[in-house]
Structures are given as structure tokens and as C-alpha cells.
1. Using the Cα atoms of region 405-448 to build a convex hull, what is its mean projected area in square nanometres?
2. Give the dimensionless ratio obtained when the Cα radius of gyration of region 281-426 is divided by 2.2 N^0.38 Å.
3. Hey, what did region 415-497 get for relative contact order, percent, Cα under 8 Å, at least 6 apart?
4. How large, in Å, is region 214-311 by the Kirkwood hydrodynamic radius built from its alpha-carbon pairs?
5. Provide the packing ranking of 462-475, 274-287, i.e. peptides ordered by the mean count of other C-beta atoms within 10 Å per residue, highest first.
6. Compactness ratio of region 371-453: Cα Rg over 2.2 N^0.38 Å, N = residue count?
7. Using a Debye calculation, one point per C-alpha and no hydration shell, please list log10 I(q)/I(0) for region 290-335 at q = 0.14 Å⁻¹ in order.
8. If each residue's Cβ is checked for other Cβ atoms within 10 Å, how do 457, 323 rank with the fewest at the top?
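Each reported figure results from applying straightforward, stated rules to the coordinates on display, with no laboratory input. Note that the coordinates shown come from a computational prediction; the quantities given were computed from them, not determined experimentally. Virtual Cβ from ideal backbone geometry, glycine too; neighbours counted across all protein chains shown.
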């Protein structure tokens, strides 16, 4: 006796907190490169005191100066680079320490109730796009503001140099006398008449030494001996930057003052942009907070709005769960005209088709059971009562055979009706209507002693299944024989409707419909029976005594007509006769030519 063992799975172990050995530390750094200095061009000689023209400032090739905090009693050492109309850069990089922790924790997907997952996914994508757009906007706006700040700083420095240049070679505003080569007097007048902006400082160097600067700068760069030596040696306009100092980062513009062909000094304009950049950062922070608030509001409103928009989906699911085979009458309430409403409409249409299909199936099973029960009962009863008399046996066998033939015909009709719903029910081809109608006439005259006639038949060719059309017309002829008496007239006709019909898409049809009719002068049909006679196992109330079949003939005719995308119409006068017309749509007509009746 074998034993089957189920494999066991190990229990899931919770992740332990990271151990100290899992910590990872990395130190990134590089030593500062050696500072480089440009070659010093020789002085130029002029007859008048001149200041180097500043048409363009070199915005590329920034000189970088790193100033550590000054120690008490001695100025700090300076690491710097300069650009004298060319680019020279020295970078100082402080060691950077970065730590990382590896955490091993399983991530389990969370699933909520129906609708919540889709709602969260849609909302998540929308919020992600909004967050990315907001972040990109904040970054771009900050960069634009910083660029504008840099441009304003450069403009302010050029403006200060331009003001100083106006005094060089000019006159003293107080005395009206020319300044001459007295650079100190020019510097005193300039510093007296021009009040620097916040974060701005102007330094004047005369004859290789610091002379004077504006009062209360954010940081006195004249204390930086290395930077002073660099400025004193300049013979051309130079733009540079101090990255670190007690007053923050600063940008400076140094311009040599040339009088009588010799460099007599330098004027240096320094802009400390820390305060302005702090204002920009505060504005950007407010903007980021506003964007975050907008995202929160959109998340709350979007969650509610998406819940309302997806409500029909939940209704579809709830309705589908409650639908049973015995109750397909429920429908989804539809509001609006969006895609979800279209889905609800489509689902309701599907439910309607299923409801009709199940109803037809149940009715078919009920009627078939009822119709088959009668011949089975007859056969069983006669077999049970059958005696030994040969004549009685022969009579019983004949009756049983007749009932079995009836059951066989009924089963064949039911199979044909079931096959009518299949796509391969028809095998269409070119059908000459006149030739087909004469063949039907030749077969129909053998059905009964009636006054058979052929009415108007138009010469027309249709795209249809000739065998199925013949079957339908023979069924109508058999029906006419069944409800007429010897000597009554039965007429077959076929013609193209004279009135034009509308095409499939609303336009006027190219040809009319083809009407295949069987007219008789029999008992007729009551108005209340004209609709129900095409149902399966249905018979007119007044004709039940004449009925020989199972009531499937007209249902078969209707199925064949519908398979051709047509219909069956009946026009009847009780006591005067009926006309059954099999209508083929205009799309089935090929060439149309009207001929004379025969």
C-alpha cells in the first residue's frame, strides 16, 4: 500500500535588522591640483589716462578661489585660480563620506477590494506624472532664477567699473579741476559718491598696495594676501570667483587702471550673492510646498472622482455575480456617455441576448418534450395492448411506424432549426429566381389536388442558397395545401419590389427587394394568430383540426429567411385565403430585369 506525502514548505522568516558588518562606507576624494598663472603681457603706453574697456566679460573659464575661515591674528591662506581673458581652473575637493546600509526585507504586493486596485493604479500614474512635472518645473524655474541672478551680478559689476571709468581722466565734481594722475583722489571721490548695494564691495589698489574699500562689506577680501598679490599683478580685465569665504561665495571683477601708459592700480568689484541666492531658495521652497499641496488636493479629489467614474465597473461585477441561468432580467443602470457607459450598454445588450437565448431554449425544450410525449405515449400504449391476432399486429405496426415517422420528421426539423443558427447553414450562389420558381411549381403540384398556378415571375438573379429557398417555398406550398380544399387556388409568384428601399447605411438602395410569394384561397388566418404562427410548435387556433405536422414548418421558413437577412410576411383574410411572402433584402439582388408573367 503506497503512501503519498505532500511536500512541506519552510515557514517564511522575517528579515532581521542589518548587522554592523552590513554597513558600507566609501570615501571619495582627490587632492587639489597645482595652481597655474597666466603669462603677464607688457604694459601699453598712452598719452591720456585710460581704463581698460569692458565690452565683454569672460563668463567662461571662471577663476576659483577657496578661502578657509580666518584664524585669530593671521589671515587664512588662499587657494585660487584666475582667468586673464583665458581659462585657468584649479579645483579643491574636500573628502566626501557616504554610507549605505543593505536591508533585506521582502516586499509583498497589496491588493484591495474590487475597483480600489485600478483606482489606485490610475491615480498613482496621474500623481506620478504630476509630481514629475512639478519637480521639473521647480528645477527649471530655480535654474532660470539663478541664471538671471548671475546676469544681474555681472551687469552690476560692469556698471560699477563704468562709473569708475568716468572719473579716470575726468574732473573733480567738487573743484572742477582735472584729477590728473592722482588715482587716490579718483578713488576717494568714487567711494564717496557711490554707495554700494547690499552684498557688494569695491576695492581700490594703488601702486601695488591696497588703498581703500567700501565700508562694511560681507567680508574684507583685502585681508587675503594671496588674492591681493594676484590682483596687483593683473594687467588685463579678469573675472574670478571665490567659492568659500567667511562671507560666502563671491564673484569679482578686477580691472587695471592705466595712466600715462603705466598700470597705476586696479579697481576690484566684488559681489557676494549668498543673500540673493537665499532669497531664490526661499521662493523655490514656497513653490515646492505649493506644488506638494496641489498634489495632495489632486490625490484626494482624484481618488473620489475615479471612484465615481469606476462605479459602473463595480456594478457590472456585482450584477454578473448575481446573474443566474434562471434569472437574466437584471440590467446595469447607465448614466453618462463615456467609455464606461458604453461598456455598461454593451454588457446590457449581451445580457439581453443571453436572456432571449435562454428563454428560447427553455421554450424549445418544453415544447419539444410536450410534442414528443404524445407519439411516445401512443406507441407505448398500442404496443402494450397488441395481441396475437395477425391483423391486430399489422394494424399496430402500421400505427407505430406512422408515429415513428412523425417523430423522425420532428427530430429532423428540430435539427434543422438548430443548424440554422450556425454560420455554415447557408451555401449561397447565383440563383436564377425564374428557373427556381418553375422547379418548385413542378414539385408542388404533386402535394395535392389544387388549382396550381404561376403568377408574375421577374427575371432576376440573387445571391442565395437555392436549396434552402426551395425548402422554404415547398414548406409554404405544403402549408397552403394543408389549409385549402380540393379545387382551391394556390399561386406562386416572384417579383422585384417597385418601391426603392434604403441601403444598409441609410442611403437609397440600388435595387428593390425580391418577393417570393405563395398565395392560396383557403381558410385564412385570424389577425391574432398572424404573429404566433411563426413560433416553434405554434398553430392557429381555428386550424388545429387540420394540422398534421408538429408546428415547425413556418418556424423553419422564418429561420431560412432570417439566415438570408430577410423576413417572412403574411397577408390574410379569414375565409378568403392567405399570402405568405418570403422577402429577400435588396443586397441579395444581382442584375434586375422585369419579365412578363407566365
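1. Taking a quarter of the hull surface, the average projection is 4.7 nm².
2. On the way: Rg = 32.4 Å, N = 146, 2.2 N^0.38 = 14.6 Å.
Ratio of Cα Rg to 2.2 N^0.38 Å: 2.22.
3. 41 percent
4. Numbers: mean 1/r = 0.0563 Å⁻¹.
Final number for the Kirkwood radius of region 214-311 is 17.8 Å.
5. Going by the mean number of other Cβ atoms within 10 Å, highest first, we get 462-475, 274-287.
6. Details: Rg = 19.9 Å, N = 83, 2.2 N^0.38 = 11.8 Å.
For region 371-453, the normalised Cα radius of gyration is 1.69.
7. The calculated log intensity ratios at q = 0.14 Å⁻¹ are -0.51.
8. Numbers: 457 22, 323 15.
With the sparsest Cβ surroundings first, the list reads 323, 457.
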